[in-house]
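Single-structure report; data block below.
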Amino acid sequence: MSLPMNKREFLRTSGTAGLGLLLGEAVWARFANMQVDRLAEDEAFWAAIRSKYRLKPDYINLESGYYSMQATPVLEAFLDKVREINFQASYYLRTTQVPDKAAARDKLAALAGCSSAELCITRNSTESIATVVNGYDWKPGDEAVQAEQDYGHMLAQFRLTARRYGMINRLVSVPPHPRTDDEVVSVYAKAITPRTRLLMVSHMINITGHILPVRKIADMAHARGVDVLVDGAHAFAHFDYRIPDTGADYYAASLHKWLGCPLGTGILYVRKDKIPGLWPIYGDWRMTDDADIMKLNHTGTHPVHTDLTIEHAIAFHNSIGIQRKEARLRYLQTYWTSKVRGLPNVIMNTPSDPTRACAIANVGIKGVAPADLAKTLLDKYKIWTNAIDSPAIGVQGVRITPHVFIQPAELDVLVKAISEIARKSSIG
Ligand SMILES: Cc1ncc(COP(=O)(O)O)c(C=O)c1O
């Protein structure tokens, strides 16, 4: 017995029909034929999307990189699932839980552009990456490559593995403002030795928003017989790509970031021929079928209502459309960065090349500690951001992450704030 359908099931609808249902046919008719780039700047359209979010009036939320809130229709669907599963209790868990989760997985696979047989739902990127790193039968002296700019806990996962198995990690440093993809690829290439088995690369560096040429890095690594794990925590549903096109053997992402799912949702993609080689973390009877990705996905009893909400978040996301979303997010980022880049004392830690960044950018101010900058932005300008203080890798600033509900007028407040703080900093 499936959960009952209700009017919110309209969210299953995707594409332009979905926007008609979401915004009302009359509103959508005004925008339906607009070019993506023009629509990216159409404030009436984005105000209609913004109205689908409940925003706290106390601050401008420029920190959607950690967790991006669910849109109201998705949140309502989630709450319905919580109530219904509590109502049906173990009857639901024992009857349609498994096929319902499989349906959610199918929709995710369609979004990712891969086969369902290569994808499973996890709690987050952390779990997905740990599943891969722990799944290898590491031998002493085996090597893996990562970058200093990768997410700290993911690097810690590799360090833990080195302590346990005697494998060796080689860290590269990604150039912050590359002029060509080759500049980045060659940095990774130089770290590969005959002992290298696995290379991890961030699709988007979390502290700067820098998008890396993962396909070229994967092709280079494969030519040397090295497997590639892409950390796509910040990339998935942020900009347009299909996971298989990244060249990844393994791809991890969090869905509570850019897809707007409830907290505690992620994906792990494992290319079909790589599934048999991974050891599962948890015992599961499917272990006997070595080629089934579900052997890696034993969860025990868990909050299934989170997984069931994924399809609603996908429908909301699809109703906007990934090209429109990407264009708007890049527009918002370049809107403010183009106004402060080059100002005295302002340090941009994100490449200016629009193909190397999307929504996220990082800005620092000479002479102002990142924590002080974030505090002033919140106390004086009511802007919520995240301080990043990593002098060892040359990134000291605040990470600015607008989501689709942010308006240029709010970014004007940020531009004014950065300009004023930078001016004051030069005075002393
Ligand atoms: C690049 C990167 N990898 C992995 C993670 C971990 O994601 P989660 O906490 O959702 O597991 C994050 C979190 O921000 C991240 O930015």
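Conditions tested, residue by residue: (1) touching an Asp or Glu at 6+ places or on another chain (Cβ under 7 Å); (2) closer than 20 Å to Ala248 by Cβ; (3) within 16 Å of the ligand (Cβ to nearest atom).
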site	(1), (2), (3)
Leu119	no, yes, no
Arg123	no, yes, yes
Pro140	no, no, no
Ala147	no, yes, yes
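Could you tell me whether any residue of segment 339-349 is more than 27 Å from Ser173 (Cα to Cα) and assigned to a helix (DSSP H, G or I)?
yes
Inside segment 116-131, can you point out the residues that are of a type in the set (Gly, Ala, Ser) and in contact (Cβ under 8 Å) with a residue 40 or more places away in the chain?
Ala117, Ser125, Ser128, Ala130
Check segment 204-214 and report whether any residue there is surrounded by fewer than 18 Cβ atoms within 10 Å (Cβ to Cβ), within 25 Å of the chain's Cα centre (by Cα) and either assigned to a strand (DSSP E or B) or more than 16 Å from the ligand (Cβ to nearest atom) (or both).
Among the residues of segment 204-214, not one is surrounded by fewer than 18 Cβ atoms within 10 Å (Cβ to Cβ), within 25 Å of the chain's Cα centre (by Cα) and either assigned to a strand (DSSP E or B) or more than 16 Å from the ligand (Cβ to nearest atom) (or both), which makes the answer no.
Considering only segment 217-233, I want to know if a residue exists there that is within 16 Å of the ligand (Cβ to nearest atom), farther than 21 Å from Asn134 by Cα and either without any contact (Cβ under 8 Å) to a residue 60 or more places away in the chain or in contact with an Asp or Glu (Cβ under 6 Å, 6 or more places away or on another chain) (or both).
Among the residues of segment 217-233, at least one is within 16 Å of the ligand (Cβ to nearest atom), farther than 21 Å from Asn134 by Cα and either without any contact (Cβ under 8 Å) to a residue 60 or more places away in the chain or in contact with an Asp or Glu (Cβ under 6 Å, 6 or more places away or on another chain) (or both), which makes the answer yes.
All but one of (1) surrounded by fewer than 21 Cβ atoms within 10 Å (Cβ to Cβ); (2) of a type outside the set (Ser, Thr, Tyr); (3) in a strand (DSSP E or B) hold for Val201; state the number of the condition that does not hold.
(1)
When the residues of segment 149-184 are filtered to those that are among the charged types (D, E, K, R) and touching an Asp or Glu at 6+ places or on another chain (Cβ under 7 Å), which remaining residue is nearest to the ligand (Cβ to nearest atom)?
Out of the qualifying residues, it is Asp150.
Taking segment 215-230 on its own, how many of its residues are in a loop (DSSP other than H, G, I, E, B) and of a type in the set (Lys, Arg)?
Going through segment 215-230 one residue at a time, the tally reaches 1.
Looking only at segment 242-281, count every residue that is touching a residue at least 12 places away in the same chain (Cβ under 8 Å), more than 16 Å from the ligand (Cβ to nearest atom) and not small (Gly, Ala, Ser) and tell me the total.
Count: 13.
In this structure, is His222 under 28 Å from Glu311 (Cα atoms) and either buried (at least 24 other Cβ atoms within 10 Å of the Cβ) or at pLDDT 95 or above (or both)?
No, not satisfied.
How many residues are in contact (Cβ under 8 Å) with a residue 60 or more places away in the chain and not small (Gly, Ala, Ser) when one looks only at segment 190-211?
9
Search segment 250-284 for residues being of a type in the set (Gly, Ala, Ser) and not in a loop (DSSP other than H, G, I, E, B), and hand back the single one that is farthest from Met204 (Cα to Cα).
Filtering segment 250-284 for residues that are of a type in the set (Gly, Ala, Ser) and not in a loop (DSSP other than H, G, I, E, B), the one farthest from Met204 (Cα to Cα) comes out as Gly266.
The values are calculated or read from the model by the stated rules, or taken from the named source; none is laboratory data. Since the model is a prediction, treat every value here as computed from it, not as a measurement. Glycine gets a Cβ as well: all are built from the backbone with ideal geometry, and neighbour counts include every protein chain shown.
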